[in-house]
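Data block below; observations after.
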Amino acid sequence: MLLPGLLMELLRKRNSWPLGPTKGVLLAALTLSLLGICLGGGFSLWFDEALTVTDAFHPRGINHNPGFYGLILACMELWGGVVDERGVRLLSAVATLMSLPLCYFAFLPLAGARRSAWASLVLAASPWVLQWATNGRPYAAGLTVSLLGTAVLLRALLRDGPKGAALGLGLMGLAGTLQLSMLVAPMALVGALLLSPLVGLRPAPRVRRMCLFGTPLFLIPLAFIFAGDLGIYLAQKGEISGFSGLKHFVLASGFALTPVLGLCALWGVWRAHEERQEVVLLLALACVLGAASVAAVGWFGQVTAQYVFCLLPFVVLLAVWPLGNSRGWAYGSILILPLLALSALEVGPWHGSRPRWREAFAHVQAQRGPGDLVLSMQAGLGDLYTQPGWTDARYPLAHAWADRTQPMRIVDAARLDRPSWLILRRDFLLKWPARDRAVLEHILARQAQRVLLLEGSPPGRDMTLEIYRLFPSGERGGRERVPF
């Protein structure tokens, strides 16, 4: 009866939403998000999106979230069966638009209509949300499911209802079937409930007792299920760890969140503390615990901001909390305008914070000879763009890999008596072993010519692509052969 009751409440609120500023803020949020999706949805795919296409068309049982790939396939078929940027990202776009009114509804009983509407607007203006709204990965869809669980959970916390809280946490956990990192939010909330007395908070004591007795029943099976996945992940991401891993996580999260939003959230925590809003402070504690747990993983391997994306709605609520019931347009402008500026850069000169792979592959495809070899750090993505109907990015046919796992391919190409092309993202070389990197630099200096530079450098990330023409060893003045 809990979900039907929630739907009935939503239908009742539909006709009782305040007219004027609040409704205008909600409409502005939807309009802004739709505009950002239209402007930013056509940028080049990146390799993880190529893997989305591959796993949708060729499921091999290697993913924990087959439901997500089934939805992606249905959306691409709805788009006309064409594998292009907007078809791959259709699910994320729709999920993001759904998340905005859901954000308002989730926070309504706790924060009131004004704060909740502004929370939706801040979410719509966030370049972080825009990035995943125009990306064929599970984060936008996962956030929508997580917000549905948040709506149920917050209502249960306000009335101290264990059954509703269990349902809300369960719905938030379902987001983990779309993307594992979405489990950070419900686990952090459970941890915050258990630890709340240590920081002087005692919201929803019955819900806390339920978590105290019920957590071991779920935590132990989850540990067995996901320990293997975590081990595989750390084995693949071990190049950046220790203090370097922590630094990477902090900088990536700070940039994605933006300093202004973070500072406003801190002020919101102070205001909630002054007002003795224990449930709001509980959300703040959950943000701290969730970020700290991901940072701890970052000590052993590289983690990035996307793994705490599920906590963003809580941070947004904290940031808008100082608005209170006053007009607060000046504060709202301080909060919104920097986000709008960053989103404008995202859909403008930053090219969606993605390398311009589509342009690179198109240039080489137009210039290559019939017998030329093409090597790329994202070979599978190249086949999606240049071989109509090809959907298996894990096993490309027309392009050869030239990444850190197969560096000798470049050496072999340099020794061939046939022209070759290399599409290089130099930022990836930071993960190459020093010897392999030195050999590549030797080849580029003595046996190659750079023919095109595609720049793209959002702050802190170098997305620039370089296209080189590799000549047979006997050309270009008889320069020395590549050392082995």
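Span-like helix check, the chain: qualifying full DSSP H segments, with Cα axial length of 27 Å or more and mean Kyte-Doolittle of 1.6 or more, are 21-40, 278-298.
Using Cβ point charges alone (K and R +1, D and E -1), the dipole size of segment 326-460 about the Cα centre works out to roughly 220 debye.
If DNA, RNA and ligands are ignored and the probe is 1.4 Å, what is the ranking of Y69, Y385, Y395 by accessible area, most exposed first?
Y395, Y385, Y69
Only aspartates and glutamates eight or more places from K237 in sequence, or on another chain, were considered; those with a Cα closer than 13 Å are D229.
Specify, per residue and in Å³, the volume enclosed by the convex hull of the alpha carbon atoms belonging to segment 358-484.
Working: hull volume 14.2 nm³, N = 127.
It is 112 Å³ per residue.
Size check on segment 402-464: the Cα extents along the three principal axes, sorted descending, read 40, 26, 17 Å. For an R0 of 60 angstrom, estimate the FRET efficiency from the Cβ-Cβ distance between L397 and R159 and round to the nearest 0.05. The calculated FRET efficiency here is 0.50.
Between L453 and A341, what length in nm is gained on full extension when 0.36 nm per residue of separation is reduced by their alpha carbon distance?
Length gained, L453 through A341: 37.7 nm.
Nearest-5 percent of antiparallel DSSP beta bridges in the chain? Rounded to the nearest five, the antiparallel share is 65 percent. Using alpha carbon centroids, what distance separates segment 423-477 and segment 247-321, in Å? Answer, in whole Å: 38. Once the 1.4 Å probe is applied to the protein heavy atoms, the chain comes out at 45 Å² accessible per residue. Between Y385, L375, G298, the Cα set farthest toward the positive side of the dipole of segment 285-389 (charges on each charged residue's Cβ, about the Cα centre) is that of G298. Assuming a ≥ b ≥ c are the square roots of the Cα gyration tensor eigenvalues, decide whether segment 274-424 counts as rounded (a/c under 1.5), prolate (otherwise, with a/b larger than b/c) or oblate. Cα axes put segment 274-424 in the prolate bin. Normalised by the number of residues in the chain, the mean separation of alpha-carbon contacts (under 8 Å, six or more apart) gives a relative contact order of 15 percent. With the helix formula -39500 (n - 2.57) applied to DSSP H stretches of n ≥ 4, the chain reaches a computed 222 nm mean residue ellipticity of -20500 deg cm²/dmol. For the chain, the carbon plus sulfur part of the accessible surface works out to 66%, probe radius 1.4 Å.
With R₀ set to 30 Å, the beta-carbon distance separating E274 from W299 gives a calculated FRET efficiency near 0.30.
Length gained on full extension, L263 to Q367: 32.4 nm, using 0.36 nm per residue less the C-alpha separation. Between R415 and K247, the C-beta separation translates, for a Förster distance of 51 Å, into a calculated FRET efficiency of about 0.80. Accessible area of F47 (1.4 Å probe, protein heavy atoms only, ligands and nucleic acids ignored): about 40 Å². Neighbours of S33 by Cβ distance under 15 Å: Lys/Arg scored +1, Asp/Glu scored -1, total 0.
The values are calculated or read from the model by the stated rules, or taken from the named source; none is laboratory data. Model, not experiment: these values are computed from the prediction. Here the Cβ is made from the backbone with ideal geometry for all residues, glycine too, and neighbour counts use every protein chain on show. Side chains included, ligands, DNA and RNA excluded: accessible areas come from the protein's heavy atoms. Shrake-Rupley method; radii C 1.70, N 1.55, O 1.52, S 1.80 Å.
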